[in-house]
Amino acid sequence: MFKVLQTYKSSTSIALSFVVRFRRCTTKTMQVFTQKRNPITGSTEWELQHENYDYHQEIARSGFADMLHDKERNQKYYRALRLAIKKMHSEGKKANVLDIGTGTGLLSIMAAKCGADSIVACEAFKPMAECCIKILQRNNVADKITVIQKRSTDIVVGENGDMKEKANILVTEVFDTELIGEGALSTFTHAHEHLLEKDCIVVPDSAVIYAQVVECPTMQKWNKLNDLADDDLDIILRTPQKMKDCAGSAAVHDILLSQLPRKAFRELSEQIPVFYYDWSGKTPIDLKKTVKQEFTVTNTGKAQMVFMWWELNMDTEGKIVLSCAPWWCHPDADLSSERPQDTIPWRDHWMQAVYYLPQELTVHKDTEVTLISCQDEYSLWFYLEDEKTKHKHYKRPVCECGVHMTFSRTHVSYLNDGKRSKKLLARLKEELVKDSVVLDLNGSTLLGLAAAKLGAKHVFILEDKKFNIGILHDYMKENFLENVTIIADVGDDILKDVTNVICDPNFSDAILPWENLKVAYLLHKYRSKLRDTVSIIPEGCEFWAMPVEFLDLHKIRVPLKVCEGIDVTIFDQLVESSRVLSDVEIEAQPLWEYPCTCRGIPRKLLALDFHNLKPKLATDGVNTFTDVESDERQPMNGFVVWTCWSVGGKVVSCGPTEWPAVGARLDWDPHTRQAVKILKYSREVSGDDKWNYQIVTDLDEGLFNITIDLEN
């Protein structure tokens, strides 16, 4: 069994295609070596992949399917196109449509169905362009639509050009969570200068970006590292002042704000329209601008961040509006509903955004404050001023402390998770003695430094990443720690003296839950050199799983088949074949953002005892959904896998925050990601239906493999 064990394809791995190719004796299919980093061992490994691995990976993760599952988006584009074409015809003109970034060709086919006289669809991504051509043929509109396999900025208009004449209707969807992050400003500007008639109609016609100033300690945990405190609220480690004062990163934090608990934030302003974009060409588009707006503060509090979203005016009269607002500002939300966030359209490709202010500012109700909104060609950032607080400049914030460049926002929030850290600190206090020599296996956390502050004789921290080491040194200086040594490898001379091995089990480069088994890999590697009496924190871990029904998350993976009456099964086949070649079945997701319902009792799949590690372990099993026979059938569409860590007999869960009840909505740990398998099709199951799993681990090689599925 272990001879055929394969490394999972980690989503954090960087695939680099090399020109080293060879032919297998039994096939003519070309193969390619790709270089991957194993997050468990930290080593770089070579893996044999399909020749077009990168190509298929880009298709599989393109996000086209998610957009096409967005019914509101599709229907409003359809309505606006119909109005635009009808208006051109009512003026006695032909409706000549240009579709920029056509993808599957959906919008072009809509234009054809609405009676457009000519349609040019451009798509620079070759596999999508080829797929589009097949979809046009399947829907019997290939003779009405010309596909140009170029970027719109490379299209030439003229007798010998790509387009014989300029278009008078532009339809395009080149938006992201920031609205302008995919180059929308330059795309529209070029189109109006070179590809469109002056009296053209653009779908969408315009856009508005909204901002709301808020206080949100919950979200601030994703941005600033707090002091590390114990159960008695005594400060164990102080955060370096440079990290507290750092302006942070201007990089957008895209998030589904509607899933943020309403009690977690305080609105300090109404929604403020900060930028207006006229896509119609009647007014020029600024590629860079700064806007200052005074507003009246609605509540007293600490202004920590700006929530941002946008809306599209799809038609020239503003009758068709597509809003990406969170539920409390959404025009279609049913505020009387028990869960108003479930009453607005769901979309994962256009979330909301959080921009952390470079400096917190305490504001008072009914006072006037100025919001400074800044935009360049691809991104946004914000400042806040009052009478006393003025900024010398409004440049993009740049991290100067290292944290925002080194750690993901999820990892920062994990380090700020007080419930978890207090359990680890309490256990650490129980285990440490005067002459303790501590080995910390994870230099991307603060547990080793805490051990040094709590009285360990000496602490060795295993870390070889330059930026992590820099952060550790800053903490050591701030907290006057001299009994700490950072090491890139652990020699026998150190191991023989170690009395305590500790590891906060969340490595900064880990994404999937089992990537944190790096702690088990390292313990196994060093165990023969350690004392038999060595103390280990945590003592072990367990893997758990359960079947669920996702409210919406499954839409990122399930086939489309027919979209607004248009057959797109060819696209489904393309994505599915690419996923088989390039993607894994199980992926990481922050499930606190994605509502789901428990459809079966959680089952323990695997337990590891860190005092008694087996180098190789294989286990499998078959579980019923519940322990009670029932004929009642419920829908399910996926599985979730998570880890629980044992710390002094207490459980530190990276999964549900409360024990799941079958049929109930689930709340998930927001500081970690869970592993998710989405079924291709939703299934109706009863309590005595079964699901199976297989797990194989090899600590010698740092390998882990898991499969989970329904029984036939």
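Identification of strands (runs of 3 or more DSSP E) wholly contained in region 273-353 with 3 or more residues that are buried (at least 17 other Cβ atoms within 10 Å of the Cβ) and touching a residue at least 12 places away in the same chain (Cβ under 8 Å) yields 301-313. For residues that are surrounded by fewer than 18 Cβ atoms within 10 Å (Cβ to Cβ) and not hydroxyl-bearing (Ser, Thr, Tyr), scanning just region 559-571, find the one that is modelled with the lowest pLDDT. This residue is Pro559. Taking residues in region 613-641 that are under 30 Å from Pro538 (Cα atoms), and partners anywhere that are open to solvent by 90 Å² or more (accessible area, probe 1.4 Å), the pairs with Cβ atoms closer than 6 Å and at least 6 places apart or on different chains are Ala618/Met1; Asp620/Gln694; Val622/Lys690.
None of Val575, Val534, Val548, Val568 is closer than 30 Å to Leu446 by Cβ and of a type outside the set (S, T, N, Q) except Val534. With respect to Trp592, is the statement that it is within 26 Å of the chain's Cα centre (by Cα), assigned to a helix (DSSP H, G or I) and surrounded by 19 or more Cβ atoms within 10 Å (Cβ to Cβ) true? So Trp592 passes the test. Can you say whether Asp205 is under 30 Å from Val321 (Cβ atoms) and in contact with a Ser or Thr (Cβ under 7 Å, 6 or more places away or on another chain), as far as the supplied structure shows? Yes: the conditions hold for Asp205. Of everything listed in (1) outside any strand (DSSP E or B); (2) in contact (Cβ under 8 Å) with a residue 60 or more places away in the chain; (3) open to solvent by less than 90 Å² (accessible area, probe 1.4 Å), the single unmet condition for Met405 is (3). Pairs meeting the criteria (first residue in region 688-712 and surrounded by fewer than 15 Cβ atoms within 10 Å (Cβ to Cβ), second residue among the charged types (D, E, K, R) and not in a strand (DSSP E or B), beta carbons under 7 Å, at least 6 apart or on different chains) are Asp688/Glu629; Lys690/Glu711; Asn692/Glu711. Scanning for something at pLDDT below 95, open to solvent by 50 Å² or more (accessible area, probe 1.4 Å), out of contact with any helix residue (DSSP H, G or I) (no Cβ under 7 Å at 6 or more places or on another chain) and within 30 Å of Thr485 (Cβ to Cβ), does region 383-396 turn up at least one residue? No, region 383-396 has no match at all. Comparison of Leu439, Leu447, Leu522 shows that the only residue that is buried (at least 18 other Cβ atoms within 10 Å of the Cβ), in contact (Cβ under 8 Å) with a residue 24 or more places away in the chain, under 18 Å from Cys541 (Cβ atoms) and touching a strand residue (DSSP E or B) at 6+ places or on another chain (Cβ under 6 Å) is Leu447.
Inside region 82-122, residues that are free of Cβ contacts under 8 Å to residues at least 12 places away in the same chain, of a type outside the set (D, E, K, R) and assigned to a loop (DSSP other than H, G, I, E, B) make up a count of 1. Among the residues of region 595-612, those that are over 30 Å from Pro340 (Cα atoms) and either of a type in the set (A, V, I, L, M, F, W, C) or in contact (Cβ under 8 Å) with a residue 40 or more places away in the chain (or both) comprise Arg603, Lys604, Leu605, Leu606, Ala607, Leu608, Asp609, Phe610, His611.
Just one of the listed residues (Ile148, Ile135, Ile155) is over 24 Å from Asp199 (Cα atoms) and either in contact (Cβ under 8 Å) with a residue 24 or more places away in the chain or open to solvent by 70 Å² or more (accessible area, probe 1.4 Å) (or both), namely Ile135.
Quick one: in region 163-176, of everything that is under 29 Å from Lys76 (Cβ atoms) and more than 30 Å from the chain's Cα centre (by Cα), which residue is most open to solvent (accessible area, probe 1.4 Å)? Residue satisfying both the conditions and the ranking: Glu165. Taking into account only those residues within region 123-143 that are β-branched (Val, Ile, Thr) and under 32 Å from the mean Cα position of the chain (by Cα), which is farthest from Thr153 (Cα to Cα)? Among them, the one singled out is Ile135. If you go through region 472-494 and pick out every residue that is polar (S, T, N, Q), open to solvent by less than 40 Å² (accessible area, probe 1.4 Å) and closer than 28 Å to Arg527 by Cα, you end up with 1. In the condition set (1) without any contact (Cβ under 8 Å) to a residue 60 or more places away in the chain; (2) among the hydrophobic types (A, V, I, L, M, F, W, C); (3) in contact with a helix residue (DSSP H, G or I) (Cβ under 8 Å, 6 or more places away or on another chain), Ile235 is compliant with all but (3).
The number of residues in region 525-547 that are open to solvent by less than 10 Å² (accessible area, probe 1.4 Å), assigned to a loop (DSSP other than H, G, I, E, B) and of a type in the set (Val, Ile, Thr) comes to 1. Might you let me know whether region 223-231 holds any residue that is buried (at least 19 other Cβ atoms within 10 Å of the Cβ), under 16 Å from Tyr355 (Cα atoms), under 17 Å from the mean Cα position of the chain (by Cα) and of a type outside the set (Val, Ile, Thr)? Checking region 223-231: at least one residue is buried (at least 19 other Cβ atoms within 10 Å of the Cβ), under 16 Å from Tyr355 (Cα atoms), under 17 Å from the mean Cα position of the chain (by Cα) and of a type outside the set (Val, Ile, Thr). All of Asn500, Asn516 fail the test of being more than 32 Å from the chain's Cα centre (by Cα) and either open to solvent by less than 10 Å² (accessible area, probe 1.4 Å) or modelled with pLDDT of 95 or more (or both), apart from Asn500.
Does any residue of region 573-583 turn out to be in contact (Cβ under 8 Å) with a residue 60 or more places away in the chain, closer than 13 Å to Arg138 by Cβ and not basic (Lys, Arg)? Looking for residues that are in contact (Cβ under 8 Å) with a residue 60 or more places away in the chain, closer than 13 Å to Arg138 by Cβ and not basic (Lys, Arg), one finds at least one in region 573-583, hence yes.
The values are calculated or read from the model by the stated rules, or taken from the named source; none is laboratory data. These figures come from a predicted structure and were not determined experimentally. Quick reminder, even Gly has a Cβ in these numbers, built from the backbone with ideal geometry, and neighbours come from all protein chains shown. Side chains included, ligands, DNA and RNA excluded: accessible areas come from the protein's heavy atoms. Shrake-Rupley method; radii C 1.70, N 1.55, O 1.52, S 1.80 Å.
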